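Working notes for the structure below.
The values are calculated or read from the model by the stated rules, or taken from the named source; none is laboratory data. For clarity, every value in this text was computed on a predicted model and none was experimentally measured. Here the Cβ positions follow ideal geometry from the backbone for every residue, glycine too, while neighbour counts run over all protein chains shown. Each accessible area value is taken on the protein alone, full model and side chains, heavy atoms only, with ligands, DNA and RNA left out. Shrake-Rupley method; radii C 1.70, N 1.55, O 1.52, S 1.80 Å.
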Amino acid sequence: MTLPLAISDFFRMKNAHEDEELWTLFVSDAVVIDGGEGSEIRGTDEIKKWIKKAVSGLNLHSEIRACEERDGEWTVDTVMSGDFKASPARFQYFITVRDGKISALRSVFLGSVK
């Protein structure tokens, strides 16, 4: 199954450490719920800060294991590695796209795969 461009770009850019431009993939009123950090972020200004804190500099790489779309929401199963305590770890993302951009992204930490 082919992911919408905004979602595939999110993982591609994150893996390439193109963090400075990740926020452009989100609509202005997007909501991010970061299960690893335990935080909820609203709007692109806050999303920029979240990217700087939770993504940039951690050498993150996500391997997509599976994805599916149900009722307009994409579920993406990943194994993420990088400079964080539980690496490598399994994360599941729930992502909604509106007008070609990410409108909601929720990540759920499913545990380390060490």
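Results for (1) over 23 Å from residue 86 (Cα atoms); (2) at pLDDT below 95; (3) in a helix (DSSP H, G or I), shown as yes or no for each residue.
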{"site": "6", "(1), (2), (3)": "yes, no, yes"}
{"site": "11", "(1), (2), (3)": "no, no, yes"}
{"site": "20", "(1), (2), (3)": "yes, yes, yes"}
{"site": "29", "(1), (2), (3)": "yes, no, no"}
{"site": "36", "(1), (2), (3)": "no, yes, no"}
{"site": "51", "(1), (2), (3)": "no, yes, yes"}
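Against the list (1) open to solvent by 30 Å² or more (accessible area, probe 1.4 Å); (2) within 11 Å of the chain's Cα centre (by Cα), the condition residue 107 fails is (1). Residues in region 85-101 that are crowded, with 18+ Cβ neighbours inside 10 Å and either among the β-branched types (Val, Ile, Thr) or in a loop (DSSP other than H, G, I, E, B) (or both): 95, 96, 97. Being open to solvent by 30 Å² or more (accessible area, probe 1.4 Å) and of a type in the set (Gly, Ala, Ser) is the filter here; which residues of region 40-65 pass it? Passing the criteria: 56, 57. Within the option set 74, 50, being in contact with a strand residue (DSSP E or B) (Cβ under 9 Å, 6 or more places away or on another chain) and more than 14 Å from residue 11 (Cα to Cα) holds for one residue only, 50.
Of all residues in region 22-39, exactly one satisfies the criterion of being loosely packed, with under 13 Cβ neighbours inside 10 Å and touching a Ser or Thr at 6+ places or on another chain (Cβ under 6 Å), namely 28.
Note on region 68-84: residues that are open to solvent by 40 Å² or more (accessible area, probe 1.4 Å) and assigned to a strand (DSSP E or B) total 5.
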